[in-house]
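Here is the structure we will look at, set down as structure tokens.
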Amino acid sequence: MAAGSLAPAWAQPAQTGSIYTCIDARGQRLTSDRPIMECLDREQKELKRDGTVRRTIGPSMTAQERAAFEERERRLAEERLRQVDEKRAQKALLTRYPDQAAHDAERVKALRAAQDVLAAGQRRLHDLQDQRGKLLQETEFYKDPGKLPAKLKRQLDENEEQLAGQQRFIAAQEEEKKRIDARFDEELVRLKALWVQTSAPSTATSGAASAAGGVPQPRR
């Protein structure tokens, strides 16, 4: 019988006790208790328990078909892993935030911590501004700016650099507060859907119980 008339090897039921064997593209002999995926583009043999050949299975796929098949399998495997990771992440999220009150409390805590860092940065900025004011007062004693003492000039330069750095730090912390809020907003959208899903079974059960309780009981 021509190989093309055979059903695909992986679609045929395996005979009890069958062993499949083939030589793969790397020249290695493979054996399995089911049709070998690595040999879909080449001949493989199905052996009986005693080692004799039950049948020879021709190539089930061309090299191009096999490449397409493997690509589909890879994508399916990636999608399965993504779904597993997503379910794990959802479970962790629900464990951490069983209700909106817990999520709101965590948002407040995160924003308060960011605000504390920002407040410390603002205090440092004010200190640097005060320091600069005092340094500028010292320069008033020198009518010619080119005659400022080297130490005073160095202090002015350092103060200017520190002021610029502190302003960048404060701007970054303001952005961090926005990122925190945006993250909690995004989480809340996901959580609301998850809370509905987790509460649906219990709601249906309680509804069924109420319905059962409402059925008139026969008089005795």
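No value in this document is a laboratory result; all are computed from the given coordinates. The structure presented is a predicted model; accordingly, all values stated were derived computationally and were not measured. All Cβ positions, even for glycine, are placed from backbone atoms using ideal geometry, and neighbour counts span all protein chains on display.
Does region 64-145 come out rounded, prolate or oblate, given a ≥ b ≥ c as the square roots of the eigenvalues of its C-alpha gyration tensor, rounded meaning a/c under 1.5 and, failing that, prolate meaning a/b above b/c?
Because a/c hits 1.5 or more and a/b fails to exceed b/c, region 64-145 counts as oblate.
Based on the alpha carbons, how large is the Rg to Rh ratio for region 98-196 when Rh follows Kirkwood? Walk me through the numbers on the way to the answer.
Details: Rg = 22.0 Å, Rh = 16.7 Å.
For region 98-196, the value is 1.32.
Could you please rank Tyr20, Tyr142, placing first whichever residue has the fewest other Cβ atoms within 10 Å of its Cβ?
Fewest to most other Cβ atoms nearby, the residues stand as Tyr142, Tyr20.
Please identify the GluC sites (Glu not before Pro) of region 100-147 that satisfy two criteria: DSSP loop assignment and at most 14 other Cβ atoms within 10 Å. Which are they?
Filter output for region 100-147: Glu140.
Ranked by Cβ crowding within 10 angstrom, fewest neighbours first, how are Arg42, Arg26, Arg74 ordered?
Arg26, Arg74, Arg42
Which order, highest average first, do 170-176, 43-49, 81-87 follow once you tally other Cβ atoms within 10 Å for each residue and take the mean per peptide?
43-49, 170-176, 81-87
Hey, which of these cross-link pairs are over 28 Å Cα-Cα: Lys134/Lys177; Lys153/Lys178; Lys87/Lys109?
Beyond 28 Å: Lys134/Lys177; Lys153/Lys178.
What's the center-to-center distance, using Cα atoms, between region 135-207 and region 75-92 in Å?
Using only Cα atoms, the two centres lie 34 Å from each other.
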